[in-house]
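One structure is given below, encoded as structure tokens.
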Amino acid sequence: MEQQINMDVVKTNKKLSKPLSKGFTIVELIIVIVIVGILTTIATPLMNDWAKETRVKTSADDFVAFLEQARNASYKTSSPVIVQAIDGSWSNGFVACVGTCQNIDNDTTSIVATTRLRDTTVNTNLGNQPFQFRPDGFTQMPGNLEGIIFALCTFEGNRVHRREVMLSRMSATSVNVLPVVEGNACNINNGGGN
């Protein structure tokens, strides 16, 4: 009986002293790869939406900062500051000049601010006409416009991420966040919700 106990102890010790397996089994590795693949599939579209939404938000913030810089330059210089599209399109960028914006490629002395909005399409109710900030704090707009609306858009496939920046005659700016819509056009919403 004593020998049997000793043999049981030896058998138990052999089981306990067995070296533990190091590393992963192929099944564990495949399970991890499948889980990572599923998470990536779910996260990628969400990250793309977030990136486009962030880009249009940053563009709107940059544009409002540009407008404030141009308006402040008018006040500081006691001169009108003209804001116009670069190369005839607001999507190419904006330039603000004291006096006139003639020959801006060669004469940069009158330029007070310029900005280009990366990967952003711009549409406005101005067409390509310039407007100006006056030293008295008002905005002089072409025609009988009561306000200027700039639609800033980024595109992701057939989805449009939008912001509207509105400028009043009294030079007040506001930004409206608009819902993402299906389509491929950067339309002005005229301050509404959709």
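The values are calculated or read from the model by the stated rules, or taken from the named source; none is laboratory data. None of the values given here were measured: they were computed from a predicted structure. Cβ atoms come from the backbone with ideal geometry, glycine included; neighbour counts cover every protein chain shown.
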Of the residues in the stretch 38-57, those that are among the hydroxyl-bearing types (Ser, Thr, Tyr) and surrounded by 11 or more Cβ atoms within 10 Å (Cβ to Cβ) number 1
Residue pairs within 8 Å by beta carbon, gap of at least six or interchain, first lying in the stretch 62-87 and crowded, with 16+ Cβ neighbours inside 10 Å and modelled with pLDDT of 90 or more, second among the small types (Gly, Ala, Ser) and in a helix (DSSP H, G or I), listed first then second, are 80/74; 81/70; 81/73; 81/74; 83/70
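Kindly indicate whether any position in the stretch 124-140 is in a strand (DSSP E or B), under 19 Å from the mean Cα position of the chain (by Cα) and modelled with pLDDT of 85 or more.
Yes, some residue in the stretch 124-140 is in a strand (DSSP E or B), under 19 Å from the mean Cα position of the chain (by Cα) and modelled with pLDDT of 85 or more.
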Residue 115 meets each of (1) polar (S, T, N, Q); (2) out of contact with any helix residue (DSSP H, G or I) (no Cβ under 6 Å at 6 or more places or on another chain); (3) touching a residue at least 40 places away in the same chain (Cβ under 8 Å); (4) closer than 21 Å to residue 166 by Cβ with one exception, condition (2)
